[in-house]
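The values are calculated or read from the model by the stated rules, or taken from the named source; none is laboratory data. Computed from a predicted model, the values in this text were never measured in an experiment. Quick reminder, even Gly has a Cβ in these numbers, built from the backbone with ideal geometry, and neighbours come from all protein chains shown.
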Amino acid sequence: MTNSWVRYRLTAELLSDTHPGSGSGGDGVDSLIARDRYGRPVIWASHVEGVLRDAARRLKGNAAARCFFGCAGGQRQHAVFTSLYTQEDPKSRIWRSTARKAFDNRAPKDDTLRAIEFVPKGTKFFGEVELPESDLPVLQRLVKEVDALGSGRASGSGRVKLSLEKIEIEPQSTDGATGRLLLLLKNRDPLCITATAMPTNLIPSFPFVPGRALLGTIADWLITEGHQDSASLLTSGCISVSDALPLPEMPASLEAVEVLPAPLSLYSEKPAGAAGEVPWWAQPVTPTQRFDVWSAQGGKNLKRPEDDLFIYRPSPDDSWRTFRPARRVRLRNGRPDPKQADVSLFAIEQIVEETPFLAELRGAPENMRRLAERLEPVLSGSRWLRVGRGGAPVEVVRLAWVNEAPKSQPQEKALLILISDLLVRDENLRWRTVLDKATLQGMLGENGQIQFGKSLQDSVMVHGFNGTSRLWRMPAAAIRRGSVFEVSGSGVGKLAERAAKGEWLGERTHEGFGRFRLDTALPGVTREQQVRSEIAPRPDDPEDTVAAETKKWFDQHKILAQMDGERKPSLSQWMDLVADLERNDARAIEQRLNPTTAGARNWKHKDAAEVLNRLKDVPLEQRAVYAQYFVRWLRVGLRANQDKEAV
């Protein structure tokens, strides 16, 4: 008997300033708040679950609450939470605190002053939770028990009002099964696909979801729901699952979109050095030129593609574009041993939330129909998949049943490009790390109808974890995705037919290994008549413009940084001006232009007055930022002049 599942929206309204925490500091702040991919505050799902777990511990007499989050080595937690996000962009607040020397002495203790960033009260955060309907009363009870989030809850910070609201889901149609199914996936939370079996203090992540991970996720969902017969279609190899490759945008048509790892022969120009005092990050973004290394002229100043570089085009009529999926590092801590005194600090690399992925499932139409019937809640968008480390929720945004892939029409000479890792053994059953012509000829089996030319290839180690047995899989060596081989001859057409039918190369092809494509020209090469930059280049920070503008001010008034005995504002007076502007004091500039005290007469200096007048022309809400950057340039000038006098 299967239990029905429901989805609820979890709303958190802050009743006081809150510090959800990020584990990092910067810009003079000891502890910054966590932020999402858009720079807005976020409360991570791990913290929400931790607070609810703490509430469950307080309900000692409630056995259902204690079992809600599962048991170590036993029952799995059913509820799946997303992080709490906000659509607002509130201006954060900085609180400063220090420790006392003694309980009866209010004097601050040395070296204990800390600056902490807080989200202001009144901010609303929204998330979602998916759980069995039978567990809903327990969640409602736990939500009522929670009255604070973030750090400093015991001292009154982070007071919050939590509420639940049911979400009605309109499922999408899953009819029309064929031999190919295209899935558009989206991770609702940051996603970590562990890229190594031996992490250090940083757990790295793949920039995509490997086919073996996606296959295991789907099979695990089916087994949990009691559909072992359908899960066996995946584990036995009757249905193959491709790598879920990231996309830079939501595509209009799943049938036309193409994405693949950047070919290893797609080299790019090394960035030229920039002279001057403006830092590299303030320089204008220039398009990246990309070449086929085998045909590029003067290839000494070229570099190979990055490991996380992909190429993409929405349709065959569009040009190829390059992009790199956004990833970030998040600091975590925990106690593997409950008796451990200090927490263990580590970091994980994650693919940012709301990244779209494209995946493909192939098999006999009858097997695909059986799988779709059992997987209907996931395919229709009513249920989530748990993917990666910690089981991040991933949803199916859209699906498309398509017929056999159209056969490409290469000439007698083409480029064979691996779009996934390739597993091949030698005659001694060892994993090959390099493919020679004889091995390729034997794999393709075209009886001399295919000749091979140049190749550019690399190897990579393949690790894995079996969630059912809870054991690591034996590592394997593979030919790296993106490897390129020149092929020619009359058998190239038959090779294109194999790619269209999904007859992939090597071993474990049902896990996404050994996929390839044929192209007459290298995809992603920059066209001379139309230079394109990478998709979504890092946008110029608004403060970059401020830095460049205030640098011009300083260049015109360098006398303010000279130590010639002339009466002019000191550095501390400039910093006092910044502090007043940060408090949005509308009279801060006017009081200095018309000083009434002897100490403020330094502002009558001609160059200082001109800078004040320029600040006066800036909108009030931006004056503090302009003043901050001007003081930074002034400080650099003062330090340089001091070094000259010391010499």
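Here are the numbers for the structure shown:
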item	result
One residue from ARG188, ARG180 being closer than 29 Å to PHE465 by Cβ and within 21 Å of the chain's Cα centre (by Cα)	ARG188
Output for region 145-196, where each listed residue is polar (S, T, N, Q) and farther than 28 Å from GLU354 by Cβ	SER155, SER157, THR178
Those strands (runs of 3 or more DSSP E) lying entirely in region 173-283 with at least 3 residues in contact (Cβ under 8 Å) with a residue 40 or more places away in the chain	180-187, 239-241, 258-261
Top-ranked residue in region 10-35 [being out of contact with any Pro (no Cβ under 9 Å at 6 or more places or on another chain) and hydrophobic (A, V, I, L, M, F, W, C); ranked as surrounded by the most Cβ atoms within 10 Å (Cβ to Cβ)]	ALA12
Residue list for region 234-249, filter: of a type in the set (A, V, I, L, M, F, W, C) and either surrounded by fewer than 22 Cβ atoms within 10 Å (Cβ to Cβ) or in contact with a Pro (Cβ under 7 Å, 6 or more places away or on another chain) (or both)	CYS238, LEU247
Residue satisfying condition, being more than 30 Å from ARG93 (Cβ to Cβ), charged (D, E, K, R) and either in contact with an Asp or Glu (Cβ under 8 Å, 6 or more places away or on another chain) or not assigned by TED's automatic domain parsing to the domain that holds LYS91 (or both), within set ASP617, ASP580, ASP607	ASP607
Sole exception among (1) closer than 28 Å to GLU130 by Cβ; (2) among the acidic types (Asp, Glu); (3) touching a Pro at 6+ places or on another chain (Cβ under 6 Å); (4) not in a strand (DSSP E or B) for GLU354, by number	(3)
Candidate set from region 436-469 (those that are at pLDDT 90 or above and part of a loop (DSSP other than H, G, I, E, B)); member that is farthest from the chain's Cα centre (by Cα)	GLN457
Qualifying positions in region 151-165 - more than 29 Å from the chain's Cα centre (by Cα) and touching a residue at least 60 places away in the same chain (Cβ under 8 Å)	GLY156, SER157, ARG159, LYS161
Matching residues in region 314-358 - criterion: being over 29 Å from GLU258 (Cα atoms) and crowded, with 19+ Cβ neighbours inside 10 Å	ILE348
Sole residue being among the polar types (S, T, N, Q), under 22 Å from the mean Cα position of the chain (by Cα) and closer than 21 Å to ALA477 by Cβ, chosen from THR200, THR196, THR217	THR196
Residues of region 457-493 that turn out to be farther than 19 Å from GLU511 by Cα and in contact with a Lys or Arg (Cβ under 9 Å, 6 or more places away or on another chain), as a count	10
Elements of type strands (runs of 3 or more DSSP E) contained in region 1-102, each with 3 or more residues being farther than 30 Å from PRO356 by Cβ	93-97, 100-102
